[in-house]
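What follows is a short report on a single structure.
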Amino acid sequence: MVDVATSPVSFPGHQVTVTGFLARPPDAKPKPAVIVIHEWWGLNDHIKDIVQRLTREGYVAVAPDLYSCLGHPVTKDPAEAAKLMERLPSQQALKDLNATASYLKTLPFVDPLKFGVIGFCMGGTFALMMASHNSDIKASVPFYGQIPPTDSLKYVVAPILYIHGGQDQWIPQREAERLAQGLKQFGKPGEVKIYPDCPHAFFNDTRPDVYRPQQAKDAWQRTLRFLGTYLK
């Protein structure tokens, strides 16, 4: 475990200045970096906590605010969150995520050859998309994100660890199984881990209604092993 230095950041995105939250180990030696992509709630304290957890494991981590183009809202209201996600064009988000990777390359304490991405819910969807759209990404960990059409998986360029709850009402288990089959079909490195009794968002420890501590701990340990394999 290492100490954590945190700071707000901003950098040019797609027709907007993207803000975000960055954490890094205090020494100047270049470290692998992980982009953390928030849920539909916005860039909240839960996501900032995950950023710092990754840094305590030796990574530079940054969470860009994908709602920068919408005025930086953060909400706890599911209806408002759904509207925010609907208003966010996927191409805008992808371009801002690619801009995040470009920004990381400018930082002297980042190893520009070792980038990973992790995302949750909406962020999991984009983490999976980045694995096909950005060759800088060397490892992708989507938590319960939407699965793209099987044929598009032929374009995956990064190993994937997909985390899924078997009781997810948003992403049916058959979708997670389709991802596993698609990765195998196209010979892409990846693993789909299904926790049979878990609901959507079971990793979110700020939501007692869905949080499952034991499975969340296991998913985190798997995530760290996976990132360590490809980034360290």
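Springs between Cα atoms under 10 Å define the GNM used for the chain, and in it the highest mean-square fluctuation of 38, 72, 164 occurs at 72. Other residues whose C-beta falls under 11 angstrom from the C-beta of residue 141 contribute a net charge of +2, scoring Lys and Arg +1 and Asp and Glu -1. A straight chain from residue 80 to residue 173 at 0.36 nm per residue would run longer than the Cα-Cα distance by 30.8 nm. Return the single residue from 33, 139, 219 with maximal mean-square fluctuation; model: Gaussian network over the chain, springs between Cα atoms under 10 Å. Maximum fluctuation in the GNM of the chain, among the listed residues, is at 219.
Here the simple spin-label model places points 7 Å from the Cα toward Cβ, and for residue 194 and residue 72 these points are separated by 4.2 nm. Each residue of region 169-175 is assigned a 3J(HN,Hα), and the resulting list reads 7, 8, 10, x, 4, 4, 5 Hz, derived from the Karplus form 6.51 cos²θ - 1.76 cosθ + 1.60 (θ = phi - 60°), x at Gly and Pro.
Cα centroid separation, region 92-171 to region 1-30: 18 Å. Comparing 179, 94, 113 in a Gaussian network model of the chain (Cα springs below 10 Å), the most mobile by mean-square fluctuation is 113. For residue 34, the residues 5 or more places off, or on other chains, whose built amide H falls under 5 Å of its own are 60, 61, 62, 116.
Between residue 146 and residue 184, the distance separating the two model label sites (each 7 Å from Cα on the Cα→Cβ line) works out to 2.6 nm.
With 22 Å as the limit, the listed pairs 83/217; 105/232; 95/188; 95/138; 154/193; 31/138 have 83/217; 95/188 beyond it between alpha carbons.
Residue by residue, region 139-148 carries 3J(HN,Hα) couplings of 6, 10, 10, x, 9, 6, x, 5, 9, x Hz when phi is fed to the Karplus relation 6.51 cos²θ - 1.76 cosθ + 1.60 (θ = phi - 60°); x denotes Gly or Pro. When Rg and Dmax are taken over the Cα atoms of region 152-232, they come to 13.5, 38 Å.
Residues of region 26-67 with the amide nitrogen closer than 15 Å to a label point 7 Å from the Cα of residue 157, along Cα-to-Cβ, please. Inside the label zone: nothing. Using the Karplus relation 6.51 cos²θ - 1.76 cosθ + 1.60 with θ = phi - 60°, the per-residue 3J(HN,Hα) values for region 86-95 come to 5, 7, 8, x, 4, 5, 4, 4, 4, 5 Hz, with x marking Gly and Pro.
Here, each number is a calculation from the coordinates, and none is a lab measurement. Treat the numbers as computed from the prediction; the structure is a model and nothing was measured. Note: ideal-geometry Cβ built from the backbone for every residue, glycine included; neighbour counts use all protein chains shown.
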